[in-house]
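Structure first, then comments.
Quick note: the coordinates plus some simple rules give every number you see, no bench work behind them. Quick caveat, the model's predicted, so the values are computed rather than measured. We place every Cβ from the backbone using ideal geometry, glycine too, and count neighbours over all the protein chains shown.
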Amino acid sequence: MAKKVDGRKNNGAKKGENRGQGRKPKADEEKLIQKLSQLDDKAFACLKKGIEEGNYQFWNKFMEFRYGKPKERVDVTSNEETLNIPIIKFASNDSE
């Protein structure tokens, strides 16, 4: 009887070969941070200008980063109507 092949060794990832899967190396992230940190002054000047001009998008971004984004809440109300929710019994009580 022939042995059945399960196909796991052909799932795309090969041992010792990095083809872009997984998290990017920390060194690449540090390089990007260093490149972008040169633009900090320009970014803050742009942000300041946008806020001073009264642009809501700039103000909103500033508030989100400064104080944190508010938690989104969903208000589920019945508009003063009764809700018909069926009672589900998962176990029977023999004493009744």
Classified through the alpha carbon gyration tensor (a ≥ b ≥ c as square roots of its eigenvalues; rounded if a/c is under 1.5, else prolate when a/b is larger than b/c, else oblate), the range 24-67 comes out prolate
How much length is gained if the chain between A43 and N79 is pulled fully straight, taking 0.36 nm per residue apart and subtracting their Cα-Cα distance, in nm to one decimal? 8.3 nm
In a shell of Cβ-Cβ distance under 15 Å around L39, excluding L39 itself, what net charge do Lys and Arg (+1) and Asp and Glu (-1) give? +3
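My understanding is that a pair violates if its Cα-Cα distance is over 30 Å; which of K26/K49; K24/K69; K31/K71 do that in this structure?
Over 30 Å Cα-Cα: K26/K49; K31/K71.
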Please compute the net charge surrounding K49, taking Lys and Arg as +1 and Asp and Glu as -1 over other residues with Cβ under 14 Å from its Cβ. 0
